[in-house]
C-alpha cells in the first residue's frame, strides 16, 4: 500500500511521523521542489526528533492508495493541483481540514477517487517553524455520507491500526462534521481573538463565555439546516476542550502568531450567510469575524 500526505502543518507532521515509523518504505510527503529543498535543508522535527521523510514532487509522481490532505483551506486548490498526478481511480482520500466543505471540493476535483469524510479531534499538536510537538494524538472520526461501512473505511482501518493512529467510525458523519464546526467556530476563533492558549477558555471568564455563546449560535444555524445538534453536544465538546494541553493552542491562534491569514471563512464565514438565510441572529459569530478580519488587515503594515 502506498500512502502520501500533502501539507506539513502541525497535524500533518504528527500523522506523517506515525506513518514514517510504521511504513518507512511506502510513505512519502507530496510537495513542490522548493518546499522539498527547504524541508531537506532545515529538517522537520516532531517532539524534538528529526523526521527523515521521503519527498516526491509532481515530476516524480507515483499513484497512491491513500492520500491524506493536511493543508490549510487557503492552500487546498494548490494542493489539488500538486496531488493530481498521484491520484488514481481507486485512491482513497482523507481530508484533515476543518469545516464542512473540503470533502465536497476534493470529490469534485477527483471524481475517479473515493473521498471519505473525516473529522480530526482532540489532538493538541503545535508547530513553530520546523518544530512540531504534541501530547495528545487525538482521534480521527471516519464515515461515509450514507452511513455505510465501505471497503474504503475498512482499508483505512487497517492502515491506521498499523500506524497506531487512533480512529473510530460514525454512521452520522455529516452531523459530526457540523458538531466539530460548532466547536471550532467557538474555540479556534476565541483563542485567536483573545491571544491566548487553551487555558484561556478552560477557566471561567469572558473568553469561555464567548466560546460557549458562539457554539450555541452555530447550534441554532445547524438546527435550521436540519442537523440536530443540542446542548449535550456542547457539553461533550467542553469536556474535550478542558482535557487539552493548557499550553497548547488551536491552529488558528498559531496562524495569528505567525501572521498568516486564518481559516475564518470556514468558521464564522460559513455560519454568517447561513444565519442570514434563516433569519437567525448570531452576534458573537459576527463579532469574532469582524475582529479577526481587523487583526489580519494589520498584517500588510507590519514586518514578519
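The values are calculated or read from the model by the stated rules, or taken from the named source; none is laboratory data. Remember, it's a predicted structure, so these values are computed and weren't measured experimentally. Reconstructed Cβ throughout: ideal geometry from the backbone, glycine too, with neighbour counts over all protein chains shown.
Within the option set 244, 238, being within 30 Å of residue 131 (Cα to Cα) and in a loop (DSSP other than H, G, I, E, B) holds for one residue only, 244. Is one or more of the residues making up the stretch 102-116 under 18 Å from residue 9 (Cβ atoms), outside the structural domain of residue 79 (by TED's automatic domain parsing), assigned to a helix (DSSP H, G or I) and under 13 Å from the mean Cα position of the chain (by Cα)? No: the stretch 102-116 contains no residue that is under 18 Å from residue 9 (Cβ atoms), outside the structural domain of residue 79 (by TED's automatic domain parsing), assigned to a helix (DSSP H, G or I) and under 13 Å from the mean Cα position of the chain (by Cα).
Evaluate the following for residue 269: is it over 20 Å from residue 200 (Cα atoms) and in the same structural domain as residue 202 (by TED's automatic domain parsing)?
So residue 269 fits the description; yes.
Can residue 271 be described as under 23 Å from residue 124 (Cα atoms), part of a helix (DSSP H, G or I) and touching a residue at least 24 places away in the same chain (Cβ under 8 Å)? For residue 271, the condition - under 23 Å from residue 124 (Cα atoms), part of a helix (DSSP H, G or I) and touching a residue at least 24 places away in the same chain (Cβ under 8 Å) - is not met. Residues of the stretch 202-227 that are more than 20 Å from the chain's Cα centre (by Cα) and farther than 19 Å from residue 273 by Cα: 202, 203, 204, 205, 206, 207, 208, 209, 210, 212.
Inspection of the stretch 23-45 finds a residue satisfying the criterion of being touching a residue at least 60 places away in the same chain (Cβ under 8 Å) and on the phi > 0 side of the Ramachandran plot. Considering the stretch 41-82 alone, what residues qualify as being part of a loop (DSSP other than H, G, I, E, B) and farther than 21 Å from residue 110 by Cβ? Correct list: 43, 44, 47, 48, 51, 52, 53, 54. When the criteria are applied in full, residue 122 fails the requirement of being touching a residue at least 40 places away in the same chain (Cβ under 8 Å) and either out of contact with any strand residue (DSSP E or B) (no Cβ under 9 Å at 6 or more places or on another chain) or under 15 Å from residue 5 (Cα atoms) (or both). Is it true that residue 55 is without any contact (Cβ under 8 Å) to a residue 40 or more places away in the chain and surrounded by fewer than 22 Cβ atoms within 10 Å (Cβ to Cβ)? Criteria met by residue 55.
Output the residue which, of all residues in the stretch 170-200 that are farther than 18 Å from residue 289 by Cβ and in contact with a helix residue (DSSP H, G or I) (Cβ under 6 Å, 6 or more places away or on another chain), is surrounded by the fewest Cβ atoms within 10 Å (Cβ to Cβ).
Filtering the stretch 170-200 for residues that are farther than 18 Å from residue 289 by Cβ and in contact with a helix residue (DSSP H, G or I) (Cβ under 6 Å, 6 or more places away or on another chain), the one surrounded by the fewest Cβ atoms within 10 Å (Cβ to Cβ) comes out as 170.
Would you say residue 13 is in a helix (DSSP H, G or I) and modelled with pLDDT under 95? Judged against the criteria, residue 13 is not a match.
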